[in-house]
Amino acid sequence: MPRPWRRHAGWLWLSLMSFTTLLILITYETRWVYPEIHAYFSQTGNLTGQQLATRSRGYLQEGLGVLLEAPDDEAAREQAAFRLDLAYSLFDIGLYRREYACTESSLSSLETLSNRLSGGDVLTSAELNRHLLGPIGCLTEIEMDQLDRRSAVTSAFVEDTRRHQGVVLGGSLVIFLMGLVFWWMHERQRRHAERATRESLRWMGRALRDPLTGVGNRSALHEDVLAQTGQTMSLMLIDIDYFKQYNDTLGHPDGDQLLRRLALLIDESLAGQARLYRMGGDEFAALLPCHDSCGLARRCEEITERLREAAIAHPGHPENRYVTLSIGAACFIAGEAGFTAGYAAADRALYSVKEHGRNGWEASEGEAALANRVDESQA
C-alpha cells in the first residue's frame, strides 16, 4: 500500500473512532441520564402530586373562608361551591386514590358538602369544619409525602449524576485526545496540500505572465475570454510604431524599458478597468467590457491622448519625434467562436491603421466602424 494512502487512512480512522465514541456517549446520556432528569423535572407522575394537592388545599381553604364570612349569602355560597368543585377535580386523581387511604373519605365529604350547598342549605361552622378539615388534613398529608419523595429522588439523582459525570468526563477526555491527534495529522496533510497548491499556482501564474512587463500573455488572454463566455467584450490590439528602429537606435535595454513603461501607461489610460496582455514583440492587447462602439472609440482615444501627453522620445521614428501607437479594436461575444471573430476584426482594424500611415486607431462593432488618424502635424 502506498505510504500517502496509509497516512490518509490513519487520520480518517481516528476521525471515525472519535465520532463513534461521541455517539456512544450521546446514546448513554440519552438512555440512562435523560430519563432520570425527565423523571425529576417532568410535570407528570408521582412527583407532581405535591403541586396538585397544594392547589386543591388552597381552593378548600378559600371556600371555607368565604362560607365562614357570609354563610347566609347566596352569592357567597355559589362562589364557595365553585372553589370546592375545583378542589375536588384536583383531588380526584388515580394516584391519590391508590396510595392514600384518606382520599376516598375526603372526596365523599366534599361531595356531600357540595350537594348541600347546591340545595341551598345554610351550614354552620361546626358542619363546615366536619366536612372540610378532613380533606384539608388529607391533602396536607399528601403534600408532605410527595415532598419526601421528591427529596429522595433528588438525592438519588445527585448520586447518579456524579457517577455519570465521571463516565462522561473520561469519555470526553478520550474524544479530546483523539481529536487532537486527528487535528494534527489533518493539519499536516492540509499544509502539505496547500504548499503543493501554492506551487502549482505559482507555476501557472508564471506560465500566464509576460516576464518582462508583468502583464498577461497570449494564453492568459484566451483563458480570460473563456471565463467571460456569453458576455459582450471588446479587444484592443496595440502595436508600437517603428519599435525595431527604437531598439536599433537606443538598444534593447531601452526597448525593454519602453515596453514596461507603455504597459503601465496603457493600464492607467484605461483606469485599471481592462486586463492587459503582451502578445509578443511590440504588440499588446487589452480586454474589457464593451457597451458600444462609441465607448470603445473613447478608450482608444484616451490611450493615444495619454501617449501624446507623455511625449516619449523616439530618435529612430521616421515620421515623428515621439513614440506612437497603432490601435485596432472590436467588440465580440466571449467564447471560442466569438473570440476568433473578434480577434480577426481587431487585427483587420489594426492593419487598416498601419496601411494609412500608423499613429492612429480604428474601432469597430459589427459592421459599424469608427477611425481616427493622427498625422505628424497633430502629434
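The values are calculated or read from the model by the stated rules, or taken from the named source; none is laboratory data. Bear in mind that the values here come from a model prediction, so they are computed numbers and not experimental data. Glycine gets a Cβ as well: all are built from the backbone with ideal geometry, and neighbour counts include every protein chain shown. All accessible areas refer to the heavy atoms of the entire protein, side chains included, with ligands and DNA or RNA removed. Shrake-Rupley method; radii C 1.70, N 1.55, O 1.52, S 1.80 Å.
Below, the figures for the structure above:
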{"quantity": "Test: residue in region 44-64 that is modelled with pLDDT of 85 or more, in contact with a Gly (Cβ under 7 Å, 6 or more places away or on another chain) and surrounded by 13 or more Cβ atoms within 10 Å (Cβ to Cβ)", "calculated": "no"}
{"quantity": "Cβ pairs under 9 Å, 6+ apart, first in region 47-60 and under 8 Å from A87 (Cβ atoms), second open to solvent by less than 40 Å² (accessible area, probe 1.4 Å) and at pLDDT below 80", "calculated": "none"}
{"quantity": "Failed item, numbered, when S109 is tested on (1) open to solvent by 80 Å² or more (accessible area, probe 1.4 Å); (2) outside any loop (DSSP other than H, G, I, E, B); (3) within 20 Å of N129 (Cβ to Cβ)", "calculated": "(1)"}
{"quantity": "Selected residue [of a type in the set (S, T, N, Q), assigned by TED's automatic domain parsing to the domain that holds T103 and within 41 Å of the chain's Cα centre (by Cα)] from S172, S155", "calculated": "S172"}
{"quantity": "Matching residues in region 75-89 - criterion: being open to solvent by less than 40 Å² (accessible area, probe 1.4 Å) and of a type in the set (A, V, I, L, M, F, W, C)", "calculated": "A76, A80, A81, L84, A87"}
{"quantity": "Members of region 240-275 found to be under 18 Å from I327 (Cα atoms) and open to solvent by less than 10 Å² (accessible area, probe 1.4 Å), listed by number", "calculated": "I240, D241, L258, L259, L262, A263, I266, L270"}
{"quantity": "Exclusive hit being surrounded by fewer than 19 Cβ atoms within 10 Å (Cβ to Cβ), modelled with pLDDT under 95 and within 48 Å of the chain's Cα centre (by Cα), set C290, C294, C300", "calculated": "C294"}
{"quantity": "Those residues of region 222-267 which are in contact (Cβ under 8 Å) with a residue 60 or more places away in the chain, within 22 Å of R358 (Cβ to Cβ) and within 51 Å of the chain's Cα centre (by Cα), in sequence order", "calculated": "S234, L235, M236, L237, I238, D239, I240, L258, L262"}
{"quantity": "Residue match in region 200-213 (condition: of a type outside the set (S, T, N, Q), modelled with pLDDT of 75 or more and within 27 Å of the chain's Cα centre (by Cα))", "calculated": "no"}
